[in-house]
Amino acid sequence: KAGVTQTPRYLIKTRGQQVTLSCSPISGHRSVSWYQQTPGQGLQFLFEYFSETQRNKGNFPGRFSGRQFSNSRSEMNVSTLELGDSALYLCASRDSSGANVLTFGAGSRLTVL
Amino acid sequence: SQQGEEDPQALSIQEGENATMNCSYKTSINNLQWYRQNSGRGLVHLILIRSNEREKHSGRLRVTLDTSKKSSSLLITASRAADTASYFCATGGGDKLIFGTGTRLQVFP
C-alpha cells in the first residue's frame, strides 16, 4: 500500500509569489490534514478536509487555503508569500473508521527568499 | 498553539541505555499519541494510549499516562543509534492534533 505522497519535496520562492503543494493520501483514506512545522512555532494545524469539505481550520491568515478533490487528493495554496512562511509543510491522511492516528507524508520544504 | 510541553528538549545517551521523555498537556483528553520524526522528514506514529489506560507497551516502547497530572511519558528501552530522532506527543480529536514541542533524542553508538 503506497504511503502519503507529497510534491514537490523542496521548493524555493520569493516574497510575494504564491505556491501550491500537493498531497496524495493513502488509498481509501478520505481525510486529509495539513500541518506547518517551523523551528519557532513547532507543528501547527492548518486545515483538514474530508470528502471535499473543509471540516476544520487552524489559526492561519486567509493567504493559506486548500481544497480536496473527489479522489481525496488535496492541495494547499499560500498566496503573497512572506519570509515567515518558510517551513516544512506536512500532509497526513487518516482512515476515518479508526482511531485518529495520522499517516504523514515526507513533507514539502518551502524556502521563501 | 501547542497543547503539550515536552521535556527534556534534548537528550543524549549511549546505545543500550534507556531514554525517557515526558509530555504535559493542558486540557482533558480522550487519548494521547506519540510520534517520531527523523530529521526533516514526516512523522511516524508510534503508539496511542487512551484516557482510561495507565500504561501501554509496544516492543521497546512503554508509555504511561496520568490524567490527574495531565502528563505522559515515553520510555525507549535499550536504545539504538537508529532511535535518534525527535519525539512528539499529540492530543486532540479527529484530524486536528495538537503537538507538543518535542524532545530531540541523540543515541551515540
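Odds and ends about this structure:
- For the stretch B:65-100, filtered to residues that are of a type in the set (S, T, N, Q) and over 10 Å from the mean Cα position of the chain (by Cα), the residue that is nearest to residue B:33 (Cα to Cα) is B:91.
- Highlighted here are the strands (runs of 3 or more DSSP E) found entirely within the stretch A:1-96 that include at least 1 residues which are without any contact (Cβ under 8 Å) to a residue 24 or more places away in the chain and farther than 23 Å from residue B:89 by Cα: A:53-57, A:64-68.
- Total residues in the stretch A:97-108 satisfying the condition of being farther than 12 Å from residue A:25 by Cα, in a strand (DSSP E or B) and within 7 Å of chain B (Cβ to nearest Cβ): the figure is 0.
- Of the residues making up the stretch B:74-88, one or more are free of Cβ contacts under 8 Å to residues at least 60 places away in the same chain, in contact with a helix residue (DSSP H, G or I) (Cβ under 7 Å, 6 or more places away or on another chain) and of a type outside the set (Asp, Glu).
- For the stretch A:2-19, a residue qualifies if it is surrounded by 16 or more Cβ atoms within 10 Å (Cβ to Cβ) and more than 14 Å from chain B (Cβ to nearest Cβ), and the qualifying residues are A:13, A:19.
- Entry remark, the stretch B:78-109: residues being touching a Lys or Arg at 6+ places or on another chain (Cβ under 7 Å), more than 7 Å from chain A (Cβ to nearest Cβ) and not in a strand (DSSP E or B) number 1 in total.
- Consider the stretch A:51-63 and keep the residues that are facing chain B (nearest Cβ under 8 Å) and surrounded by 14 or more Cβ atoms within 10 Å (Cβ to Cβ). The one that is nearest to residue A:84 (Cα to Cα) is A:58.
- Residues satisfying the stated conditions in the stretch A:72-109, i.e. of a type in the set (S, T, N, Q) and within 30 Å of residue B:31 (Cβ to Cβ): A:72, A:74, A:93, A:96, A:97, A:100, A:103, A:108
Quick note: the coordinates plus some simple rules give every number you see, no bench work behind them. All figures in this text were calculated on a predicted structure; none of them were measured in a lab. Virtual Cβ from ideal backbone geometry, glycine too; neighbours counted across all protein chains shown.
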